Amino acid sequence: MSPNFEVLALVRKLSARYRVAVLTNNCRLVTENIQYLNPAVAELFGPHVYASASFGAAKPAAHTYLRCLDALGVSAAETLFFDDLEVNVEGAINAGLHGHVFTGAGSLSEELERRKLL
């Protein structure tokens, strides 16, 4: 589990103005041990690293995203979800979130700037 420092730098900029979180289909052992597995992610996201299993479903099920948003206290309409799997982004969009298929830090930066989030 290697951190992508370019992406983390973008997220750090976002976190100054917006709430940020991780939603993973990895098991709860990963989220419970994120400090050990990926300290850079743990530092940036703090307690907002969620395992889909905690919500009784997995991405791309709409229930997964919506329960995570409930935990964060934000609405689907005000949330941008990005993932490297198109099926997960489609699931998020079907649940009412905005979505972007992650292909790299450069395209993510362009998408965030296009949406005027950076």
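Values quoted throughout were computed directly from the atomic coordinates according to the rules given, and no laboratory measurement underlies them. Remember, it's a predicted structure, so these values are computed and weren't measured experimentally. Quick reminder, even Gly has a Cβ in these numbers, built from the backbone with ideal geometry, and neighbours come from all protein chains shown.
The 3J(HN,Hα) values that the Karplus relation (6.51, -1.76, 1.60; θ = phi - 60°) gives for segment 54-65 are, in residue order, 5, 9, x, 7, 9, 4, x, 5, 3, 3, 4, 5 Hz. Gly and Pro appear as x. Volume per residue for the chain equals 95 cubic angstrom (convex hull of Cα atoms). The label-point distance for A9 and S54, in a model that sets each label 7 Å from Cα toward Cβ, rounds to 2.9 nm.
Highest mean packing first, where packing is the average number of other Cβ atoms within 10 Å per residue, the peptides 106-117, 91-102, 24-35 line up as 91-102, 24-35, 106-117.
Charged neighbours of Q35, selected by a Cβ distance under 15 Å, balance to -1 (K, R count +1; D, E count -1). Here the Karplus relation 6.51 cos²θ - 1.76 cosθ + 1.60, evaluated at θ = phi - 60°, turns the backbone of segment 6-19 into coupling constants of 5, 5, 4, 5, 5, 5, 4, 4, 4, 5, 6, 10, 9, 7 Hz, with x for every Gly and Pro.
Normalised by the number of residues in segment 27-101, the mean separation of alpha-carbon contacts (under 8 Å, six or more apart) gives a relative contact order of 23 percent.
Database remark: amide H of G99 closer than 5 angstrom to the amide H of F81 (H placed geometrically; neighbours at sequence offset of 5 or more, or on other chains; Pro and chain starts carry no H).
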